[in-house]
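Heads up, the thing below is written out as structure tokens.
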Amino acid sequence: MQKPAVPQPHSSRAASWVLIAAVLALAVAAIGCVGGWLAPHRLTPQKLVDQFQRNAGTFPGYRRNHAKGVCVEGYFDSNGNAQAYSAAQVFAPGRTPVVGRFALPGSNPYAPDSSVPIRSLALRFTQANGQQWRTGMNSMTVFPVATPQAFFAQLQAQQPDPATGKPDPAKLAAFFAAHPETAAFRAWAKTAKPSASYATERYDGLNAFFFVDAHGQRHAVRWHVVPEATKADSDAARAGDTDYLAADLARRLQQAPLRWHLLVTLAEAGDPTNDATKTWPDDRRSIDAGTLVIESTTPQDSGPCRDVNYDPLVLPDGIEASDDPLLPARSAAYADSYLRRTSEEAHLPGTAAMDAKARGEAR
Amino acid sequence: MNTNTTTFALPARVLHWLMAVLIVAMLFIGVGMVSSVSERHAWLLAIHKPLGIAILVLAVVRLAVRWRNPPPPLPADLPALQKLAAHASHWLLYALMLAMPLIGWAMLSAGGYPVMLGDSLRLPAIFPASPVAFAVLRHLHGWLAALLYLTFLAHMGAALYHGLIRRDGVLSSMDGRRAATAILPETVDAARETGDAEPGDPA
Ligand code: HEM
Ligand code: HEM
Ligand code: HEM
């Protein structure tokens with residue numbers, strides 16, 4: 001191929017400049033397109049987390065959801081029963097250290113413990129080989145919605161009306177009418193009462209995952225933990241006491257460690273793995289994989305759970321994500337919440353200050 | 001001194017184009033994943049981490065190749081300011097292709113995450129767990145990614161300027177066509193051959 005060794009004549013130079021400009025403009029447009037600048041309706045992690053802040057206020061340094069909670073530490077004693085289904089080291093017989101967190105759903109770290117009938121338990125198992133399993137579980141049997149888009153719509157419907165300070169009942173009704181998949185959750189919520197203790201609750205992972213056994217075979221599963229403690233201290237929730245859960249937990253742990261059994265439910269053909277609004281039939285086999293033992297608790301502003309992001313997609317070899325669309329959305333939104341709260345801890349310029357709404361709550 | 005100073009050595013050219021594709025892809029993957037809540041977020045991140053570490057390894061190999069095969073000099077008639085811009089931007093690109101993966105790795109370490117490159121391959125932490133360090137590094141990862149993309153745009157624009165407007169052999173020193181035509185007595189070739197590249201001088 002022969003090519004001119006001298007600079008271009010003036011006439012075609014302009015064309016070359018136009019070509020160069022066009023290539024550069026195209027490259028800018030391409031990255032913008034991928035980043036969603038041209039798709040303002042795309043649901044992003046930032047939009048989800050902004051909506052939490054819009055609903056409850058911005059509390060610097062706190063999680064944007066499940067903001068009120070306490071750290072706990074302990075271990076998991078595996079009995080080896082789940083080993084046939086998952087090659088994860090945590091299921092081999094033996095002990096794995098755990099850093100966990102009990103919490104209330106909602107973005108207000110000052111919310112009264114009785115304000116919601118749900119409690120949560122998040123766990124981080126650190127295997128001897130350095131891999132980790134993180135999971136966040138709620139004390140309910142189904143999730144209200146199946147997709148991040150529906151979850152976003154629910155958060156929007158729950159946004160307090162500035163006039164009343166409460167969600168607009170008409171908007172909530174419209175949301176539920178448009179989302180019949182919330183029926184199972186609403187039926188559960190009707191009878192649910194705020195428990196007087198974290199210790200007596202059952203916590204459900206809700207999303208499905210795959211266990212992968214030593215032969216590479218995948219098994220669709222869900223997991224939950226059931227407490228050995230059943231007696232809730234009835235006078236714990238004295239009228240006017242808004243922070244009884246942390247005190248109850250500390251009191252119980254002073255006497256003895258608390259125990260839960262980790263139950264892994266195996267799906268059968270046809271059980272949905274992508275829909276957290278649907279339970280699997282009751283007769284599905286559950287394996288008792290071992291005992292979770294919680295030994296101590298510390299406040300969340302100084303405890304070891306503070307800087308942990310309980311991202312449900314931090315998984316060891318032997319556990320994989322299912323096709324549940326909530327899982328990647330949780331992973332992405334938790335990462336954004338984590339970045340916001342760690343940036344606030346670092347006092348980086350431009351990070352959120354406590355807004356007026358939050359100051360009102362913190363008083 | 002190298003025998004052929006008009007083109008980059010073959011390994012340098014192969015590495016340049018391979019890494020150009022990989023690095024630009026990484027920028028798109030990164031921007032795409034942080035703006036999505038779909039399963040795209042999960043699978044792009046699963047590509048992002050091992051590919052980023054691969055770029056780190058390739059960048060080290062590339063610098064070694066460069067040290068063994070000094071690059072051809074820029075055209076002697078190139079204005080000094082443009083030469084300076086070329087050298088500075090090339091060093092910036094090298095710095096960023098090393099820094100970006102190191103920062104990605106360090107920020108996950110600081111965040112207390114296991115640095116997983118696949119289902120079971122885990123890299124050790126290269127930074128102690130610290131929320132402050134995580135936040136700083138995570139923002140740095142985003143800002144330096146933006147700087148890398150802007151530098152890439154300037155670099156691509158400059159390459160096209162050399163190839164389409166100056167037609168001074170700079171573009172062909174990297175795209176390999178020069179090797180086939182180097183026997184032609186071209187004035188620019190002559191200019192380039194008299195250039196004064198030092199082995200450590202980023203051309
Ligand atoms: C798309 C749906 C969801 C979104 C957008 C979402 C969002 C969030 C966010 C932003 C946090 C704070 C994360 C942090 O800063 O560390 C959080 C915490 C949490 N979420 Fe979700 N969530 C979703 C679904 C779920 C589901 C299905 C469950 C139950 C299985 C769940 C259980 C939890 C728990 C237990 C925590 C507290 C973790 C801790 O104690 O640190 N979430 N969620
Ligand atoms: C050449 C190398 C790399 C490039 C060009 C690159 C580029 C990017 C970009 C553009 C983003 C989005 C930033 C933003 O908009 O805030 C990003 C995010 C990220 N990168 Fe990288 N990266 C590289 C290497 C790595 C490596 C080696 C790792 C880890 C081992 C890593 C981990 C991450 C993580 C965890 C995120 C954030 C994900 C999230 O917040 O959801 N990166 N990267
Ligand atoms: C369409 C895209 C690209 C084109 C047309 C292109 C073209 C070129 C050309 C012609 C040179 C030789 C300059 C000279 O003679 O001194 C060069 C050098 C270089 N390019 Fe690219 N490039 C592209 C993308 C990239 C990307 C994405 C990177 C990395 C992020 C990169 C990094 C470099 C570096 C570091 C050098 C200096 C080589 C050295 O002196 O060792 N290039 N490029």
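The values are calculated or read from the model by the stated rules, or taken from the named source; none is laboratory data. No experiment lies behind these values; they were computed from the predicted model shown. Cβ atoms come from the backbone with ideal geometry, glycine included; neighbour counts cover every protein chain shown. For the accessible areas, the whole protein counts, side chains as well, though only heavy atoms, and no ligand, DNA or RNA atoms are used. Shrake-Rupley method; radii C 1.70, N 1.55, O 1.52, S 1.80 Å.
How many of the residues in the stretch A:294-338 are more than 9 Å from chain B (Cβ to nearest Cβ), outside any loop (DSSP other than H, G, I, E, B) and either closer than 21 Å to A:Gln83 by Cβ or open to solvent by less than 10 Å² (accessible area, probe 1.4 Å) (or both)?
Initial filter on the stretch A:294-338 (more than 9 Å from chain B (Cβ to nearest Cβ)): A:294-305, A:310, A:312, A:319, A:322, A:324, A:326, A:334, A:337.
Filter again for outside any loop (DSSP other than H, G, I, E, B), leaving A:294-299, A:319, A:326, A:334, A:337.
Now narrow it down to the ones that are either closer than 21 Å to A:Gln83 by Cβ or open to solvent by less than 10 Å² (accessible area, probe 1.4 Å) (or both): A:294, A:319.
Final tally of qualifying residues: 2.
Is at least one residue of the stretch A:280-293 open to solvent by 40 Å² or more (accessible area, probe 1.4 Å), within 9 Å of chain B (Cβ to nearest Cβ) and more than 16 Å from ligand 3 (Cβ to nearest atom)?
no
Which condition does A:Leu172 not pass, out of (1) touching a helix residue (DSSP H, G or I) at 6+ places or on another chain (Cβ under 6 Å); (2) closer than 26 Å to A:Pro328 by Cβ; (3) not acidic (Asp, Glu), if it passes all the others?
The single condition A:Leu172 does not satisfy is (2).
Can you find a residue in the stretch A:254-267 that is touching a Lys or Arg at 6+ places or on another chain (Cβ under 9 Å), open to solvent by 40 Å² or more (accessible area, probe 1.4 Å) and either more than 16 Å from ligand 2 (Cβ to nearest atom) or within 19 Å of A:Phe102 (Cα to Cα) (or both)?
no
Take the residues in the stretch B:25-82 that are more than 10 Å from chain A (Cβ to nearest Cβ) and β-branched (Val, Ile, Thr); name whichever of them is farthest from B:Leu98 (Cα to Cα).
Out of the qualifying residues, it is B:Ile47.
Looking only at the stretch B:113-133, decide whether some residue is in contact with a helix residue (DSSP H, G or I) (Cβ under 7 Å, 6 or more places away or on another chain) and farther than 30 Å from A:Trp133 by Cβ.
No, the stretch B:113-133 contains no residue that is in contact with a helix residue (DSSP H, G or I) (Cβ under 7 Å, 6 or more places away or on another chain) and farther than 30 Å from A:Trp133 by Cβ.
Return a yes/no flag: does the stretch B:36-46 have any residue that is closer than 15 Å to B:Ser173 by Cβ, open to solvent by 50 Å² or more (accessible area, probe 1.4 Å) and away from ligand 1 (no atom under 16 Å from the Cβ).
Checked the stretch B:36-46: no residue is closer than 15 Å to B:Ser173 by Cβ, open to solvent by 50 Å² or more (accessible area, probe 1.4 Å) and away from ligand 1 (no atom under 16 Å from the Cβ).
Quick check on my filter: what residues within the stretch A:148-172 are open to solvent by less than 50 Å² (accessible area, probe 1.4 Å), touching a residue at least 60 places away in the same chain (Cβ under 8 Å) and under 16 Å from the mean Cα position of the chain (by Cα)?
Once the filter is applied, which keeps residues that are open to solvent by less than 50 Å² (accessible area, probe 1.4 Å), touching a residue at least 60 places away in the same chain (Cβ under 8 Å) and under 16 Å from the mean Cα position of the chain (by Cα), the stretch A:148-172 yields A:Pro148, A:Phe151, A:Phe152, A:Leu155.
Filter the stretch B:121-135 down to the residues that are more than 22 Å from A:Leu315 (Cβ to Cβ) and open to solvent by less than 70 Å² (accessible area, probe 1.4 Å) and list them by number.
B:Ser130, B:Pro131, B:Val132, B:Ala133, B:Ala135 - these are the residues of the stretch B:121-135 that are more than 22 Å from A:Leu315 (Cβ to Cβ) and open to solvent by less than 70 Å² (accessible area, probe 1.4 Å).
Could you tell me which numbered condition A:Val49 fails, if it satisfies all but one of (1) more than 9 Å from chain B (Cβ to nearest Cβ); (2) on the phi > 0 side of the Ramachandran plot?
For A:Val49, the exception is condition (2).
Go through B:Val24, B:Val14 for me and flag whichever is within 9 Å of ligand 3 (Cβ to nearest atom) and under 14 Å from the mean Cα position of the chain (by Cα).
B:Val24
With (1) within 11 Å of ligand 2 (Cβ to nearest atom); (2) open to solvent by 50 Å² or more (accessible area, probe 1.4 Å) as the list, and B:Ile103 as the residue in question, which single condition is left unmet?
All conditions pass for B:Ile103, except number (2).
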